[in-house]
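> I'd like to ask some things about the structure below.
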Amino acid sequence: MTNKELSVEQHEELLQTLQARFEKNMNRHEGLEWTNIQAKLEANVDKLWSLHEMEATGGEPDVVHYHPKTDEYMFYDCSAESPKGRRSVCYDREAWEARKNHKPETTAMDMATDMGIELLTEEQYRELQQLGQFDLKTSSWIQTPEKIRKLGGAIFCDRRYDTIFLYHNGADSYYAARGFRGSLKV
């Protein structure tokens, strides 16, 4: 078994967890059928591994879209706060390498790549916030436009005062209350 394969037990447990979350939060995916999603997951075990990583780091992934033209389901991290296992990370490897002292363990972009997921875009983050109230106490790095990143910055979002805020920070910064949310197409 390679490190990107799930055991039979992990596979079954994850499917049960995802199904229970799917059924509990039907407002996120009205009109979708779990049996279709499960069939898609069973046919894409590499994606199931990525969902396992999202779950293991506290992301609580759930289906938020279905794209009929491409026959793809979109999963987002739907944990109330930025996933606990993905906090205290700077934005990317370039920012990490630029830090002289107190480097965090890793970066948001490196973790996402290792997990086989992508950071949410600003548009996706705002879509997520239409499904509930997320990041009331934490914040989440999101995909940063190249122009901002070239100047040393990165952007993140949170929800305060019933408003979604988009902020900037040095890409090399990291905080205990800032992580990142991911997306995965299946």
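The values are calculated or read from the model by the stated rules, or taken from the named source; none is laboratory data. None of these values were measured; they are calculated from a predicted model. Neighbour counts are summed over all protein chains in view; Cβ atoms, including those assigned to glycine, are modelled from backbone coordinates with ideal geometry. These area figures cover heavy atoms from the full protein model, side chains too; ligands, DNA and RNA do not enter into them. Shrake-Rupley method; radii C 1.70, N 1.55, O 1.52, S 1.80 Å.
> Each residue of the range 121-136 in turn: what ³J(HN,Hα) in whole Hz from Karplus with 6.51, -1.76, 1.60 and θ = phi - 60°, glycine and Pro shown as x?
My calculation for the range 121-136 gives 7, 4, 4, 5, 4, 5, 4, 4, 5, 6, 8, x, 10, 10, 6, 7 Hz in order.
> Which residue, N44, W34, F134, has the largest displacement toward the positive end of the dipole of the chain when charges sit on each Cβ (Lys, Arg +1; Asp, Glu -1)?
Farthest towards the positive pole: F134.
> Let a ≥ b ≥ c be the square roots of the eigenvalues of the Cα gyration tensor of the range 22-104; is it rounded (a/c under 1.5), or, if not, prolate (a/b larger than b/c) or oblate?
prolate
> Do the alpha carbons of any pairs in K100/K137; K24/K137; K4/K147 sit beyond 31 Å of each other, and which pairs?
Long pairs (Cα-Cα over 31 Å): K4/K147.
> Same structure again: Suppose we keep just the alpha-carbon trace of the range 83-166; what are its Rg and Dmax in angstrom?
Taking only Cα atoms of the range 83-166, I get Rg and Dmax of 13.3, 40 Å.
> Please give the FRET efficiency for N3 paired with K185, using the beta carbon to beta carbon distance and R0 = 25 Å, rounded to the nearest 0.05.
0.70
> Can you give me the accessible area per residue for the chain, using a 1.4 Å probe, in Å²?
For the chain, the per-residue accessible area is 54 Å².
> Given a Förster distance of 35 Å, report the FRET efficiency between E146 and A43 from their Cβ-Cβ distance, rounded to the nearest 0.05.
0.50
> Compare the Cα positions of Y161, L119, G58 along the charge dipole of the range 52-186 (+1 at Cβ of Lys, Arg; -1 at Cβ of Asp, Glu; about the Cα centre) and return the one farthest towards the positive end.
Going by the Cα projections, it comes out as Y161.
> Explain nothing, just compute: Karplus ³J(HN,Hα) = 6.51 cos²θ - 1.76 cosθ + 1.60, θ = phi - 60°, for every residue of the range 77-91 in order, whole Hz, x for Gly and Pro.
5, 10, 5, 4, 10, 3, x, 4, x, 10, 9, 6, 10, 7, 5
> Mean-square fluctuation check for the chain, GNM, Cα pairs under 10 Å: which of H11, H102, H168 is largest?
H102
> Please give, to one decimal in nm, the separation of the simple spin-label points placed at K137 and E97, each 7 Å out from Cα toward the Cβ.
3.7
> Would you tell me the accessible area of S50, worked out with a 1.4 angstrom probe on the heavy atoms of the protein chains, in Å² to the nearest 10?
Its accessible surface works out to 10 Å², give or take rounding.
> Which residue, Y76, Y66, Y161, has the most motion in a Gaussian network model of the chain that connects Cα atoms within less than 10 Å?
Answer for the Gaussian network model of the chain: Y161.
> In whole percent, how big is the carbon plus sulfur part of the accessible area of the range 12-79, probe 1.4 Å, protein atoms only?
45
> Then there's this: How large is the direction-averaged shadow of the alpha-carbon convex hull of the chain, in nm²?
Orientation-averaged projected area of the Cα hull: 11.3 nm².
> Right, another one. To the nearest 20 debye, what is the magnitude of the charge dipole of the range 16-147 about its Cα centre, counting +1 on the Cβ of each Lys and Arg and -1 on the Cβ of each Asp and Glu?
440
> Per-residue counts of other Cβ atoms within 10 Å, averaged by peptide: what ranking do you get for 107-113, 140-146, highest first?
107-113, 140-146
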